[in-house]
1. Within segment A:35-52, is there a residue that is within 14 Å of chain B (Cβ to nearest Cβ) and among the hydrophobic types (A, V, I, L, M, F, W, C)?
2. Output the residues belonging to segment B:370-379 that are surrounded by fewer than 16 Cβ atoms within 10 Å (Cβ to Cβ) and under 25 Å from the mean Cα position of the chain (by Cα).
3. Could you look through segment A:81-101, keep only residues that are at pLDDT 85 or above and surrounded by fewer than 23 Cβ atoms within 10 Å (Cβ to Cβ), and pick out the one that is farthest from the other protein chains (Cβ to nearest Cβ)?
4. Provide a single number: the residues in segment A:397-409 that are of a type in the set (D, E) and surrounded by fewer than 16 Cβ atoms within 10 Å (Cβ to Cβ).
5. Checking B:Y456 against (1) in contact (Cβ under 8 Å) with a residue 24 or more places away in the chain; (2) farther than 30 Å from B:P428 by Cβ, which single condition isn't satisfied?
6. In this structure, is B:W203 within 14 Å of chain A (Cβ to nearest Cβ) and either under 25 Å from A:L66 (Cβ atoms) or in a helix (DSSP H, G or I) (or both)?
7. Looking at segment A:120-137, can you tell me whether even one residue there is touching a residue at least 60 places away in the same chain (Cβ under 8 Å), out of contact with any Pro (no Cβ under 6 Å at 6 or more places or on another chain) and either within 14 Å of another protein chain (Cβ to nearest Cβ) or of a type outside the set (D, E, K, R) (or both)?
8. Restricting to segment A:410-438, and then to whatever is of a type in the set (S, T, Y) and over 21 Å from A:N34 (Cα atoms), can you tell me which residue is surrounded by the fewest Cβ atoms within 10 Å (Cβ to Cβ)?
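The values are calculated or read from the model by the stated rules, or taken from the named source; none is laboratory data. Keep in mind the model is a prediction, meaning the values are calculated, not measured. Ideal geometry is used to build each Cβ from the backbone, glycine not excepted, and the neighbour counts take in all protein chains shown.
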Amino acid sequence: MQETFATRLETPAGNGTIIRAEGIEKYYAQPSQNRIQVIAPTDLSIVPGEIVALLGPSGSGKSTMLRMLSGLSQPSAGQVYWHERPIQHAAANVSIVFQSFALFPWLTVLENVEAPLQARGVPASQRRERSLKMLDTVGLDGFEAAYPKELSGGMRQRVGFARALVVEPEVLFMDEPFSALDVLTAENLRSELLELWAKKTMPTQAVFLVTHNIEEAVLLADRIIVLGRNPGHIRTDFKVQLTQPRDRKSEAFTQLVDYIYKVLTRPDIAPAEAPEQQTGRRVRDQRQMRYQMLPHARPGGVAGLLELLVDRGGQEDIYRLADDLAFEIDDLLPIVDAAQLLGFLKVEEGDVALTESGTEFANSEILRQKEIFRDAAEKNVLLLRQIARALEAKSDHTVPEDFFLDMLDEQFSEDECQRQMETAITWGRYAELFDFDASKRRFVLPDLQEEEAAMQEGGE
Amino acid sequence: MRVQNTFGRSLVAVRNWPFFMDLMIAACGLAIFFGMIRIGTYWLSSPMPEAPISHSIRALPLYAFYSIVRIGIAYLLSLVFAVAYGYIAAYNPRVEAWMIAVLDILQSIPVLSFLPGVMLAMMALVPGHQLGIEMGSILLIFTGQVWNMAFSFYASLKSIPREMIEASRIYRYSGWQRFWQLEMPFAAIGLIWNSIVSVAGGWFFLIACEMFPLGNRFFRLPGLGSYLQTAASASPVDMHGLMWGLAVLVLIIVATDQLLWRPLIAWSDKFKFEQVESSTRVSSPLLALIHRSSRLVQLPARIWGTLDEHIYQMLATRSRDISVKPMDENGPGGSRMLQAGLAIFGGLVALWGGTEAYHLIRGVTWLDIRLLFLGAGATFLRVNASLALAAAWTIPVGVMIGFNPKMAKILQPVTQVVASVPATALFPVLLVGLIRLGGGLGIGSIALMLLGTQWYILFNIIAGAMAIPSDLKEAAQLYRFTRWQRWKTLILPGIFPYLITGMVTASGGAWNASIVAEYFHIGHQTLETMGLGAQISAATDSGRFSTLLLATVLMALMVVTVNRLVWRRLYRLAETRYKLEG
């Protein structure tokens, strides 16, 4: 069905390719010989004349991919080529627009834009001329002497664009450039970017955009790559052939958005038209791992989602749900994942449906909800089960956090271990499976009196 | 590796290096100590400058000038060292842990114990010349003020946001550009605040080390410190001279505050790493004046600009800067050899230090050691008594000032200046008073330690009380908290992190102060009380290096132990449970 608006992309191997990645992967070596694979070996090319959007759930290594392609990060294996020369020896002319803008607060707008030219030894007068012209192009005429902190978020990102474009990069990388902005400002900047690109006002050959906003990708991109996680790998890679300007309300547009949602919400099933280069690759699946990857959602969020679903008859399209809630997919997906992991939800074809326990949960009052959550957590979440068992087994009913961190770090990176532990603590505390003493970094069994007191408080 | 960047003389590093590193570093410290004494004693026979100190008030401006020059040079040295040390530590993961462990130990060692060693060594390097003894005093001041600055710069470098570094990489900044446009601006505010603390610490040591007896000699350097001490030890006591000396000292400190620190703080406001402009700003009339007289500042700026331009052009043409440098680049492969070499060298040095120490200590009797431990206990009690006393009066007063914004605005700068007046300068005056009252040094030394320590606590408590959000205060009022409830649930937890920061600094200061507080020459008599500080001073006086060494090691050990067992834990508690966020 998708073939009506999206066709497969043949791997380009012409002379025109600007950046070509060959079998790049990223892993972190662990002391115990195990290594944590962040990105599986991947081939990817960036050719002139296209805007590429890279989509994927959090933890799929979108930003890591961008940094490897731009030369900011070295692949653990494989090679990135810049015009067929290894990128670390090439004068790669690239820029990045950052999510946090990454402007220097102590430099004026003009000085910020001039700085990259200064690094390239452009003489002062020429530097000034080029910077002023670029500031004019992005609509910041008259703001040269202002400091970034005096500007609004949108204006600041304009400075970010001016700084990126002033070096006339062949490839412009953008790392979620609009996600720190409010909806209207982001929309405005997006259309201006498209205008610059269409009129060839910006001297850029190709744009590589990392985003978690599906609509943004469909709106801007000529080609969309969707990443999956554990480890990060390309799930699908296709061209978007809708004509610009694109209409969000057109059927072709919404169909494409829906298709991407389906791909994103069904990580266990390969997309209907999996590209040839994907077969035979060893992709580590969540189910092969000892510990599940806990989605970083709060129990309150899960409860909220379930209660919302009950109001809507127990079933809903994820896309509509996200839209109605004005949620970004990155904010909604962990909650859906968590509910699914706990057995409260089923996800099928981009639709979510409540299970029996999910319905019971949503219809119960808070104390009963905690009980249901506790049962579901003990049943479905290995880490929580282990913590609870260990606490019961020990005579003093207390276990240090490190004990579990040591086991987790066989499987996750150091940062991820911390996040997994934080999520487990939040869930366990909510479920009253255990308590956690943050100053001693130890799990403790909640004693009965405290538990009663907590229950009374919770009931109020 | 993570270090708290706070306003304090000693900073608490999050410990993640093995214990043997501390031991090795301590042993290397011993080796350096002996190296200095060796050279020093060898050259002791050469002529020694013992400048006569004038009693005349007319000599004061010149003396003040000498002292300022010493402080200034020592400060510049500290700045350069701190930046270089912080830079190397932050960017060389292979040596990082070592370098931070070294800092942590060095900041715990009582600097005044090194006085004889450093002086002898420096005089030996430049024999028969005033320069040697000058260099000695400068080096001593340097060691008193450099550590927290190095810590601060290192911590700043480590906390630069990742995307800022990535921006500097992707736009191919040279090291030069990165230093001036990213690293220095980012570290500026921490560096300036720590400089203020450091220079205050510098005065403390300057006054103590301008005049001191060693063996049967009496060293003097012309300066404010020696002027004050001479006035105090004249018989009868020269009150007139003392008062004048103190007045000049306070004048210098106020002038430094107004002419140097305030403009610097106001100027550094633009380096605040914030997205929104904050409402509270320090104002400086002097800075405004400089800004207005634009022609005055334009000339150096223009000269610098031209020079800078050439450097950028030169760097841009170098070929190795044309590609983007990856963030996770591995270091050069050969440095493992270098590291092994360094480790072997360090081991040999530690071995030598150890055997030397053994030979020196062999002569020490058990009686001496017993005495040392008794002294250590007495000083320990005194330090803690002074801390408790300081906390007892500064907590209510500090909270009162902090809760009253008008009062805080006036009093905060004042306490900052008062905190900068070195306790060592006030000792003679206070001692004269104590003797007249008939009190002994046993109690008196606690008062002397208080002088040096209470201001840091007060200063931090004011800051803490001001940081308690007003909605919490309003909530306490709304629910009609009793006075006790208000203190227990709101005020004490609110100021806790600040209190701990102040106490850590104060505790280190009190141990250092014990060396000058427990043993004092006044007139022709020597006042002395039981204590580790007194033993260090007495050992310095009589040239008993074995006792000096043991006492110093013991003091360093106690400081390190108390830091590890008490302060670091409280610090972590402050960080986790009592942190007011948002």
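1. Narrowing segment A:35-52 to residues within 14 Å of chain B (Cβ to nearest Cβ): A:38-39.
If we keep only those that are among the hydrophobic types (A, V, I, L, M, F, W, C) as well, we get A:38-39.
Yes: segment A:35-52 contains one or more residues that are within 14 Å of chain B (Cβ to nearest Cβ) and among the hydrophobic types (A, V, I, L, M, F, W, C).
2. B:G377
3. Restricting to residues being at pLDDT 85 or above and surrounded by fewer than 23 Cβ atoms within 10 Å (Cβ to Cβ), the top hit is A:E84.
4. Filtering segment A:397-409 for residues of a type in the set (D, E) gives A:401-402, A:406, A:409.
Filter once more, keeping what is surrounded by fewer than 16 Cβ atoms within 10 Å (Cβ to Cβ): A:402, A:406.
Adding up the residues that qualify gives 2.
5. (2)
6. Answer is no for this residue.
7. So in segment A:120-137, the residues touching a residue at least 60 places away in the same chain (Cβ under 8 Å) come out as A:137.
So of that shortlist, the ones also out of contact with any Pro (no Cβ under 6 Å at 6 or more places or on another chain) come out as A:137.
With the extra rule that they be either within 14 Å of another protein chain (Cβ to nearest Cβ) or of a type outside the set (D, E, K, R) (or both), the set shrinks to A:137.
Checking segment A:120-137: at least one residue is touching a residue at least 60 places away in the same chain (Cβ under 8 Å), out of contact with any Pro (no Cβ under 6 Å at 6 or more places or on another chain) and either within 14 Å of another protein chain (Cβ to nearest Cβ) or of a type outside the set (D, E, K, R) (or both).
8. Keep residues of segment A:410-438 that are of a type in the set (S, T, Y), which gives A:413, A:423, A:426, A:430.
From what's left, over 21 Å from A:N34 (Cα atoms): A:423, A:426, A:430.
Values: A:T423: 22, A:T426: 17, A:Y430: 19.
Looking at residues that are of a type in the set (S, T, Y) and over 21 Å from A:N34 (Cα atoms), I get A:T426.
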